[in-house]
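Structure first, then comments.
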Amino acid sequence: MQLTEGSDSPLHPGPLDTVIRNAAVVDGSGGPRFHADVAIHRGKIHSIGVGLAGRFQQELDGAGQVLAPGFIDVHTHDDYAVISDRSNLCKISQGVTTVVTGNCGVSIAPLNIRYRPPPPLDLLSGDPDHFFATFEDYFKYLEDSPAAVNVAAQVGHSTLRVATMSDLQRPADAGEIKRMRRLLEDALRAGAIGMSTGLFYRTAQASTTQEVIDVAKGMRERGAIHTTHMRDEADAVAESLAETFRIGREADVPVIVSHHKCSGTRNFGRSIETLALIDAAARQQEVGFDVYPYCASSSVLDVEKFRDATRIVVSWSIPHPEAAGRDLAELAAEHGLSQKAMADRLQPAGGIYFMMDEVDVSRILAHPQSMIGSDGLPGDTHPHPRLWGTFPRVLGHYSRELNLFPLEAAVRKMTSLSARQFNLSNRGLVRPGYQADLVLFDPLTVKDLATFDHPVRHSAGIHLVMVNGAAVYQDGAATGAFPGQVLRRS
Ligand code: ZN
Ligand code: CU
C-alpha cells in the first residue's frame, strides 16, 4: 500500500481523510465493476470519480484490487463475542464490517437469570452474568465500549420464553404472550431490528404457530423483521416453509428463512422444490433467506435432534475440552458407548453435523435472492470453518473457481441485498453519502483457508477493511481500532 501526497482541492475547503485510487469498484448493486477513485471523509464515502482531485491526508493505491462495500454477516451468534473479543478478527479478516446478532431464537437480552442458560442459549455464553436485562443496557454497553464491527441486534424468541416461562415444554399462555410482547416492544423501542425464532430447538419446539404470530404482531408498524431457524429443515422442510410464510402473513411482517438447507440424505435434491416454494411466496409477501457455503451445520451437541447427520464432530465440551475436533463415533467406540451415551458424557457441548448435499448448497447459493450469513459460533474450541471462511469461500471457491455466479453477484449477496432486507440504511453500497464500510481485496487470490481440520485461519487476499472510515484490518492484522456502531432500528 502506497502513501503519497495529494494536491489542492477545488471541491473541499480542507483536506479529505482518505482516497483509495484506481481500484475496480464492485459497488454492491450487482452492476458491473468500474475503475474509480473513492474519497472518504468523516466516516462516510465523500465522492467517487476518475482522477479525483483534492488534498487527502492519506492516499491508498487500489490498483489490481477490488473495492467493495464491507460485507454484512446477516446470520451470527456474535451477541457476546462483540464484547468479549472486540477486535472480531474472525469477521474482519473476511471483510465483514457488520454483524446481525440474535439469530435462531437466542439473544443476549432481555434476560436476567442466575443459572446456566439452557442450550442453545449457551451458544452465546454459558455465564448468566454475560446476559443483559434490557436491550437498552446492551446497546449502551456496546456504545461505551465499541467493537471493530457494526452490530444490528435481533430479539430471540427462545430468550423471551426463558425470561417469561417456568416450563418451556408447553405453548405460552395468554399472560406469558403478553409479557413476551412487552419485552419485545421494549427491545424494538431501544433499536432492536426484529425478532428471531428457533422453533427447531427444545426451548421453543413446544410453541405453536399461533404463539409466534401473537408475539410478532405489532412488529410491522415498527418496521421490524422476523427471521427463523425453522421447526424442521429435513423431512418436513416444506411444511416448515409454509409455517414461516403463514407467520409472515398473519403477523404482517417480512420473514427471512435462516441458513436455508435440505437436511438428511432422503431430502437431498429438494432445494428445487423449496426454492420454488420461496419464489412463489415472495410473489405474495416479503420473504428472504440466507445460506452458508458448506455441507455441514453446527450447533449444540444433540444426537437426537441431528439424527440425519452422517458424521458428527465435537466442537466443544465443558467437562471434556480435549474432545473438541474429534469424531463422536470414534470417541464412542473408544469408550464402548453408544453415540448418544458418549454425547451425554460430553454435555454441555457442541457439534458439527455433516448432513447436506453439495448440489443443494450450490443451488441455494446461486439463487439471485440468497444472502450470505456465516452462522459461525465464536465461542467454540474447534469451530466449524464457516466462522473464519464463509465470505472469502463464496468469492473464491464458488464465484471464481466454480464460476457459479459473477463476482458482482457474489458481492451483492453480502452487501446491498442484505442491507435492504434487514433495513440497514446507508450501508451495503459504494455511494456518496453512504457509510465508509469498505473492503479492498484481490479478486485473483481471495480464498478461505479455514478447513474442518484447521478451522482457525485467516483468509487469503483481504488487504484492507474499513468500518465507518477507519481501518480495522490491514496487512493481515487487526489495527486495534474500534469504530463499530450499534445500528439501532430507525
Ligand atoms: Zn440456526
Ligand atoms: Cu444460527
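The values are calculated or read from the model by the stated rules, or taken from the named source; none is laboratory data. Here the structure is a predicted model, which means the values were calculated and not measured. Neighbour counts run over all protein chains shown; Cβ positions are idealised from the backbone, glycine included.
General remarks:
- Output for segment 335-358, where each listed residue is in contact (Cβ under 8 Å) with a residue 40 or more places away in the chain, under 25 Å from Ser125 (Cα atoms) and out of contact with any helix residue (DSSP H, G or I) (no Cβ under 9 Å at 6 or more places or on another chain): Gln347, Ile352, Tyr353, Phe354
- Cross-chain or 6+ apart pairs with Cβ under 7 Å, segment 129-158 first and on the phi > 0 side of the Ramachandran plot, then buried (at least 21 other Cβ atoms within 10 Å of the Cβ) and modelled with pLDDT under 95: none
- Failed condition for Phe56, given (1) surrounded by fewer than 18 Cβ atoms within 10 Å (Cβ to Cβ); (2) at pLDDT 95 or above; (3) touching a strand residue (DSSP E or B) at 6+ places or on another chain (Cβ under 7 Å): (1)
- Checking each residue in segment 445-470 for being within 21 Å of the chain's Cα centre (by Cα) and within 12 Å of Ile92 (Cα to Cα) picks out His458, Ser459, Ile462, Leu464, Val465, Met466, Val467.
- Top-ranked residue of segment 68-89 - restricted to ones that are more than 15 Å from ligand 2 (Cβ to nearest atom) and under 12 Å from the mean Cα position of the chain (by Cα), ranked as nearest to Tyr141 (Cα to Cα): Ile72
- Identification of strands (runs of 3 or more DSSP E) wholly contained in segment 263-325 with 1 or more residues that are more than 16 Å from ligand 1 (Cβ to nearest atom) and over 20 Å from Ile364 (Cα atoms) yields 311-317.
- Every pair of residues 6+ apart whose Cβ atoms lie under 8 Å, when the first sits in segment 176-203 and is at pLDDT 95 or above while the second is assigned to a strand (DSSP E or B) and more than 16 Å from ligand 2 (Cβ to nearest atom): Gly191/Val486
- Where a residue in segment 103-116 is under 10 Å from Ser158 (Cβ atoms) and its partner, wherever it lies, is near ligand 2 (Cβ under 9 Å from one of its atoms) and outside any loop (DSSP other than H, G, I, E, B), with Cβ under 7 Å and at least six apart: Cys104/Ser196; Cys104/Gly198; Cys104/His229; Gly105/Ser196; Gly105/Gly198; Gly105/His229; Val106/Leu123; Val106/Gly198
- Residue under evaluation Ser196, criteria (1) within 19 Å of Pro110 (Cα to Cα); (2) hydroxyl-bearing (Ser, Thr, Tyr); (3) more than 16 Å from ligand 1 (Cβ to nearest atom), criterion not met: (3)
- Among the criteria (1) out of contact with any Gly (no Cβ under 9 Å at 6 or more places or on another chain); (2) touching a residue at least 12 places away in the same chain (Cβ under 8 Å), the one His77 does not fulfil is (1).
- Every pair of residues 6+ apart whose Cβ atoms lie under 6 Å, when the first sits in segment 206-232 and is within 15 Å of Ile193 (Cβ to Cβ) while the second is of a type in the set (A, V, I, L, M) and part of a loop (DSSP other than H, G, I, E, B): Ala216/Ala251; Ala216/Val253; Met219/Val253; Arg220/Val253; His226/Val253
- Selected residue (criterion: farthest from Thr451 (Cα to Cα)) from residues of segment 377-399 that are among the small types (Gly, Ala, Ser) and in contact with a strand residue (DSSP E or B) (Cβ under 8 Å, 6 or more places away or on another chain): Gly379
- Residues of segment 192-217 that are touching a Leu at 6+ places or on another chain (Cβ under 8 Å) and surrounded by fewer than 21 Cβ atoms within 10 Å (Cβ to Cβ): Arg202, Gln205, Ala206.
- Taking segment 143-161 as the range and being in a loop (DSSP other than H, G, I, E, B) and closer than 24 Å to Gly373 by Cα as the test, the residues that pass are Pro146, Ala147, Ala148, Val149.
- Thr479 without any contact (Cβ under 8 Å) to a residue 24 or more places away in the chain, surrounded by 16 or more Cβ atoms within 10 Å (Cβ to Cβ) and touching a Phe, Trp or Tyr at 6+ places or on another chain (Cβ under 7 Å): yes
- Residue list for segment 247-262, restricted to those being among the small types (Gly, Ala, Ser) and within 16 Å of ligand 1 (Cβ to nearest atom): Ser258
- Qualifying residue in segment 400-410 (condition: touching a Lys or Arg at 6+ places or on another chain (Cβ under 9 Å), under 21 Å from Pro455 (Cα atoms) and of a type outside the set (Asp, Glu)): no
- Only one entry in Gly396, Gly389, Gly376 is touching an Asp or Glu at 6+ places or on another chain (Cβ under 6 Å), surrounded by 22 or more Cβ atoms within 10 Å (Cβ to Cβ), closer than 23 Å to Gly461 by Cα and in contact (Cβ under 8 Å) with a residue 60 or more places away in the chain, namely Gly389.
- Of the numbered criteria (1) over 18 Å from His226 (Cβ atoms); (2) modelled with pLDDT of 95 or more, the one Lys305 fails is (2).
- Here Ala296, Ala324, Ala242 are screened, and the one residue that is within 29 Å of Pro368 (Cα to Cα) and surrounded by fewer than 20 Cβ atoms within 10 Å (Cβ to Cβ) is Ala242.
- Residue match in segment 356-370 (condition: of a type outside the set (Lys, Arg), assigned to a loop (DSSP other than H, G, I, E, B) and within 16 Å of ligand 2 (Cβ to nearest atom)): yes
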